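The values are calculated or read from the model by the stated rules, or taken from the named source; none is laboratory data. All values reported here derive from a predicted model rather than from experimental measurement. Glycine gets a Cβ as well: all are built from the backbone with ideal geometry, and neighbour counts include every protein chain shown.
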Amino acid sequence: MDEISGAAERGEDAERTGSPESAEVFEEADDDALLVEQARRARWAAAGTGVVLALAGVAAALLRAAGAAPVLVATAYAGGAAVCALAAVLGARGRTRRALWTTIAGVMVMALGDQFD
């Protein structure tokens, strides 16, 4: 028993000592790594969604501008694409909640523009 407590006092590897505190430290490190991984995935998802929707909005704006649709329709699609591009920037910077709501606003602007067609 004296050898184990002496090893812990000297700062030797906690895994060798078998202390329950060392297991908690390793679990916290795993939880932190999991949170970092989830945050990274959320940033990529927000940025990727914003980029895809921005490209779709630009394509729709160009198609509507080339056709016989009113100018307001193409403008709404372009405006919604700009808002979705902003959402992509916010997502890339880690502001994933704001990016989500900005993406929703951009899609709503594009849907409103579609109603004018």
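See the values below:
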quantity: Residue within the range 84-91 that is touching a residue at least 12 places away in the same chain (Cβ under 8 Å), out of contact with any Ser or Thr (no Cβ under 8 Å at 6 or more places or on another chain), assigned to a helix (DSSP H, G or I) and of a type in the set (A, V, I, L, M) present; calculated: yes
quantity: Filter pass, residue 96 being within 28 Å of residue 40 (Cα to Cα), modelled with pLDDT under 95 and surrounded by 15 or more Cβ atoms within 10 Å (Cβ to Cβ); calculated: yes
quantity: Search result, residues across the range 96-117 that are charged (D, E, K, R) and either in contact (Cβ under 8 Å) with a residue 24 or more places away in the chain or closer than 14 Å to residue 55 by Cβ (or both); calculated: 114, 117
quantity: Unique residue being surrounded by fewer than 15 Cβ atoms within 10 Å (Cβ to Cβ) and closer than 30 Å to residue 35 by Cβ when the list is 48, 67; calculated: 48
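Yes/no matrix, rows are residues, columns are (1) out of contact with any Leu (no Cβ under 9 Å at 6 or more places or on another chain); (2) in a helix (DSSP H, G or I); (3) of a type in the set (Phe, Trp, Tyr):
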{"residue": "57", "(1), (2), (3)": "yes, yes, no"}
{"residue": "62", "(1), (2), (3)": "yes, yes, no"}
{"residue": "69", "(1), (2), (3)": "no, no, no"}
{"residue": "76", "(1), (2), (3)": "no, yes, no"}
{"residue": "79", "(1), (2), (3)": "yes, yes, no"}
{"residue": "82", "(1), (2), (3)": "yes, yes, no"}
{"residue": "101", "(1), (2), (3)": "yes, yes, yes"}
{"residue": "107", "(1), (2), (3)": "no, yes, no"}
